[in-house]
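My structure is below; once you've seen it, I'll send some questions.
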Amino acid sequence: MNRSHTRRRLHRPALGAVGALVLLGLAAGPAAAHAGVTASDPRALAENVTLTFSSEAESDTAGIAELRVVLPPGIAPDAVTLKEAPREWKLTATPDGYAIGGPALATGTDAEYSVTVRRLPDAKSLAFKTLETYGDGKISRWIEVPGNGEKVDNPAPVLELKAAAPGATPLAPSTSPSPTPSTAPSLQASASAAPVPVPSPSGRETSAAETGSGTGTVVGVVAAVLLLIAAGTFWWTRRARSGA
């Protein structure tokens, strides 16, 4: 009996130590996330949703100065507006997402900000690949998207979405207005109104006006020559008569 009682006493501290290790492991789970995202309304197709991002500072020598985010499919850069950010930080749209930054934060300070999204896409989850740039130029890349429950070294912030609300529909894509008949000139009318060129012997296209002008010039020259010949003949005849 004494031996059994002694063994129970020895096992209790061991079980307590194991339990403490399990609790520490569970507590370390959320803390291991270097970048995260939450939503005010985490449902597919939700409108005017506030997304709050947090990026853990890892550098011991410089603070975070900029965060560049690649938006998931279904969210356009112009559908994102800045709601709250560190002092003097600004948001700038990029071809595939946005960049937000300003004066570097104090070393060891996590970067937290929030944006408003016009409407979330119809999806089960959204991954926001993020690049953290520090004041000294160091870059941390949180761009890996875990799949099938596997773990990755540099996980991107992922937002899990619930089912869309009843009646929610995606935004219709914008279309450019087609030109009206009044603004689109008719090629047939333009062709009929244009003057028909007349080919000249030299190969240069000559218009009808130029052709008429050339013909009048030739007629005038011929008339002048005939007039000079007639005047010369009259003068010669008169002189001959005077001499006789």
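The values are calculated or read from the model by the stated rules, or taken from the named source; none is laboratory data. Quick caveat: nothing in here was measured; it's all calculated off a predicted structure. A quick note on method: Cβ atoms are made from the backbone with ideal geometry, for glycine too, and the neighbour counts reach across all protein chains shown. Accessible surface is based on the protein model in full, side chains and every heavy atom, while ligands, DNA and RNA are left aside. Shrake-Rupley method; radii C 1.70, N 1.55, O 1.52, S 1.80 Å.
Which residues, taken from region 118-152, are open to solvent by 60 Å² or more (accessible area, probe 1.4 Å) and assigned to a strand (DSSP E or B)?
Once the filter is applied, which keeps residues that are open to solvent by 60 Å² or more (accessible area, probe 1.4 Å) and assigned to a strand (DSSP E or B), region 118-152 yields Arg118, Lys129, Ile139, Arg141, Glu144.
So, one more: Working only within region 61-107, note down all residues that are acidic (Asp, Glu) and either crowded, with 18+ Cβ neighbours inside 10 Å or not in a loop (DSSP other than H, G, I, E, B) (or both).
Taking region 61-107 first, the residues acidic (Asp, Glu) are 66, 78, 84, 88, 96.
Once the filter is applied, which keeps residues that are acidic (Asp, Glu) and either crowded, with 18+ Cβ neighbours inside 10 Å or not in a loop (DSSP other than H, G, I, E, B) (or both), region 61-107 yields Glu66, Asp78, Glu84.
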